[in-house]
1. Eigenvalues of the Cα gyration tensor times 5, then square-rooted: what semi-axes does that give for segment 90-191, in whole angstrom, largest first?
2. Taking only complete DSSP H runs, can you tell me which helices of the chain stretch 24 Å or more along their own long axis by Cα positions and average at least 1.6 on the Kyte-Doolittle scale?
3. Counting only heavy atoms of protein chains, what accessible area per residue, in Å², does the chain have with a probe of 1.4 Å?
4. For residue 84, what residues show an amide H to amide H distance below 5 Å, using hydrogens built from the backbone and excluding near sequence neighbours?
5. Between beta-carbons, use under 13 Å as the cut-off and find the net charge around residue 31, counting Lys and Arg +1, Asp and Glu -1.
6. What do you get for Rg/Rh of the chain when both radii come from the Cα atoms and Rh is the Kirkwood radius?
7. Please identify which residues in segment 52-76 have an amide N closer than 18 Å to a label point set 7 Å out from the Cα of residue 46, following the Cα→Cβ vector.
8. Can you tell me the length gained on complete extension of the stretch residue 53 to residue 14, counting 0.36 nm per residue apart and subtracting the Cα distance?
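The values are calculated or read from the model by the stated rules, or taken from the named source; none is laboratory data. All figures in this text were calculated on a predicted structure; none of them were measured in a lab. Every residue, glycine as well, gets a Cβ built from its backbone with ideal geometry; the counts of neighbours run over all protein chains shown. For the accessible areas, the whole protein counts, side chains as well, though only heavy atoms, and no ligand, DNA or RNA atoms are used. Shrake-Rupley method; radii C 1.70, N 1.55, O 1.52, S 1.80 Å.
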Amino acid sequence: MKFAKKTAFLLLLMLAAMFVLSACNGIQRDPPIIVWWDMKRQPKFRTEGETGLFADGRNTRYPPEDTVAQGSPIEDTAFNTGMDGEMYVGKNPVPVTAALIHQGQFRFNTYCSPCHDRTGQGKGLVPQHAPQWQPANLTDDRIVQMADGEIFNVITNGRRTMPPYKYQVVTADRWAIIAYVRVLERAAHGTIDDVPQEQRAELK
Ligand code: HEC
C-alpha cells in the first residue's frame with residue numbers, strides 16, 4: 001500500500017513536470033490563457049488602424065517634407081557627389097557669385113587655413129608645428145588643373161594624409177570653398193595684365 005502511494009505520487013510528479021515543460025515548445029494555436037495581463041494588452045495605435053485622431057484617419061504620419069533618413073542614399077547629382085557619371089565634374093555646379101566666394105572665404109579660413117594657410121600655399125600652423133605633415137600647395141599648377149569635382153572629392157573623403165571634411169563642411173560650403181580656392185589660385189598667378197592700366201604705376 002505504501003509502495004503504491006509512492007508510485008502514484010511519482011507518476012503525478014512526472015505528469016506535472018510534463019505539463020509544465022510542455023509549455024516550452026510546440027506551436028500554440030489557441031489564444032493563451034493569461035492570468036496576469038501585465039503589459040501584453042495596452043492602449044496603442046496600430047500602424048494600419050484608425051483612431052480618428054488625425055483628419056486623414058491614418059495613425060502613421062508622413063515625415064516632414066525634405067526629411068532624409070540617416071544613412072539613406074542621397075540623390076545622385078553633381079552637387080551631391082561631384083561626379084558626372086564616371087568623371088569628376090569639371091565645373092562648380094553652383095553658380096559662382098560674389099556671395100558664394102565670400103561664403104567660401106569664410107569657410108576656407110575656418111576649415112582649410114590651419115593647414116593650407118590663408119593663401120592656400122600650405123604653410124599653415126599645423127605643418128609649422130608638425131613639419132612631417134605637409135599639405136599640398138593649392139596654387140600649384142597640378143591643383144589649378146584639377147577638376148572642381150576632384151577637389152570636392154578631396155574635401156569630402158580626404159586623400160592620403162589629408163583627413164576628410166564631409167562631417168565638418170556641408171555640401172554647399174564645399175562648393176563655396178572650391179570657388180574661393182580658384183580665387184586664391186588666380187591671385188597667386190596674377191600678372192601685371194590683371195592690374196588696371198591706371199594703377200600699374202603705383203606698383204613700380
Ligand atoms: C589637417 C590639415 C588639413 C586641413 C585642415 C585641410 N587639408 Fe588639404 N591637405 C592636407 C595634407 C596633409 C595634404 C597632402 C596630402 C598628401 O598628398 O598626402 C592635403 C592636400 C590637399 C589637396 C591636394 C590633394 C592632392 O591630390 O594632392 C587639396 C585639393 C586640399 N588638400 C584641399 C583642402 C581644402 C579645400 C581644405 C578645407 C576644406 C583642406 N584641404 C583642409 C591637410 C589638410
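1. Over the Cα atoms of segment 90-191, the ellipsoid semi-axes are 20, 16, 13 Å.
2. Qualifying helices: 2-21.
3. Computed with neighbouring chains in place, this is 79 Å² per residue.
4. Amide H neighbours of residue 84, under 5 Å, 5+ apart: 89.
5. +2
6. 1.46
7. Label zone hits: 52-54, 57-61.
8. Going from the current span to full extension adds 8.7 nm.
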